[in-house]
Amino acid sequence: MPAVYLDADACPVKDEAIKVIIRHTLKLFIVSNGGIRPSTNPLIRNVLVSDDPDAADIWILDHVRENDIVVTSDIPLAKGCLEREAKVLKPNGDVFDLNNIDNLLATRNLMADLRSGDPMFQNKIKPFSRKDRSKFLNSLELELQRVL
């Protein structure tokens, strides 16, 4: 059975992921460096990692397997998970795959260069919406149906 991994620091869809994994009786690993209320549900494992910025990513990469599902906004983590043949979703429901990951990573790196070169450069981030939440639930359900 596949497991679901949540890159949980600042993840807006924890509750939605929990509802879906309970419905499918799958394991959910909520990986963070703190500040997450532990669950008593035996399907949910709260994994506390160090404060190192990459600690959650490293833990997920060390444990994820083929057909597991990872929820993250972190593009380098997504690429590593795809290389391990896992399925990867953003919290807004967008799907990372081998066809789009390299372009997304290049865009991320370009934006980081622009921000470092011009302190006034602003990358506008739209607020997380109800539509994003709904799209996430749909995408997670579709990915689970594919791997089950």
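The values are calculated or read from the model by the stated rules, or taken from the named source; none is laboratory data. As the structure is a computational prediction, the values presented were derived from the model and not from experiment. For neighbour counting, all protein chains shown are included, and Cβ atoms are generated from backbone atoms with ideal geometry for every residue, glycine included. All accessible areas refer to the heavy atoms of the entire protein, side chains included, with ligands and DNA or RNA removed. Shrake-Rupley method; radii C 1.70, N 1.55, O 1.52, S 1.80 Å.
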Only one of (1) within 18 Å of the chain's Cα centre (by Cα); (2) part of a helix (DSSP H, G or I) is not met by ALA112, so which one is it? (1)
When you scan the range 24-35, do you find a residue that is in a helix (DSSP H, G or I), in contact with a Phe, Trp or Tyr (Cβ under 6 Å, 6 or more places away or on another chain) and not basic (Lys, Arg), even just one? no
Please count how many residues of the range 67-92 are in contact with a helix residue (DSSP H, G or I) (Cβ under 9 Å, 6 or more places away or on another chain), surrounded by fewer than 20 Cβ atoms within 10 Å (Cβ to Cβ) and either hydroxyl-bearing (Ser, Thr, Tyr) or closer than 16 Å to LYS27 by Cβ (or both). 1
Please identify the pairs in which a residue from the range 77-92 that is in a loop (DSSP other than H, G, I, E, B) has its Cβ atom under 6 Å from the Cβ atom of a residue that is open to solvent by less than 30 Å² (accessible area, probe 1.4 Å) and at pLDDT 95 or above, counting only partners at least 6 apart or on another chain. ARG84/VAL64; ALA86/VAL64; ALA86/ASP68; ALA86/VAL70; PRO91/VAL13; PRO91/PHE136; ASN92/ASP132
Just wondering, is there one or more residues in the range 38-52 that are outside any loop (DSSP other than H, G, I, E, B), among the hydrophobic types (A, V, I, L, M, F, W, C) and touching a residue at least 60 places away in the same chain (Cβ under 8 Å)? no
Search the range 93-117 for residues that are more than 10 Å from ILE75 (Cα to Cα) and pair each with any residue that is surrounded by 12 or more Cβ atoms within 10 Å (Cβ to Cβ) and among the aromatic types (Phe, Trp, Tyr) when their beta-carbon atoms are under 6 Å apart and the residues are at least 6 apart or on different chains. GLY93/PHE136
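Residue check: is SER139 loosely packed, with under 11 Cβ neighbours inside 10 Å, part of a helix (DSSP H, G or I) and not hydrophobic (A, V, I, L, M, F, W, C)?
Details: loosely packed, with under 11 Cβ neighbours inside 10 Å: no; part of a helix (DSSP H, G or I): yes; not hydrophobic (A, V, I, L, M, F, W, C): yes.
No: the conditions fail for SER139.
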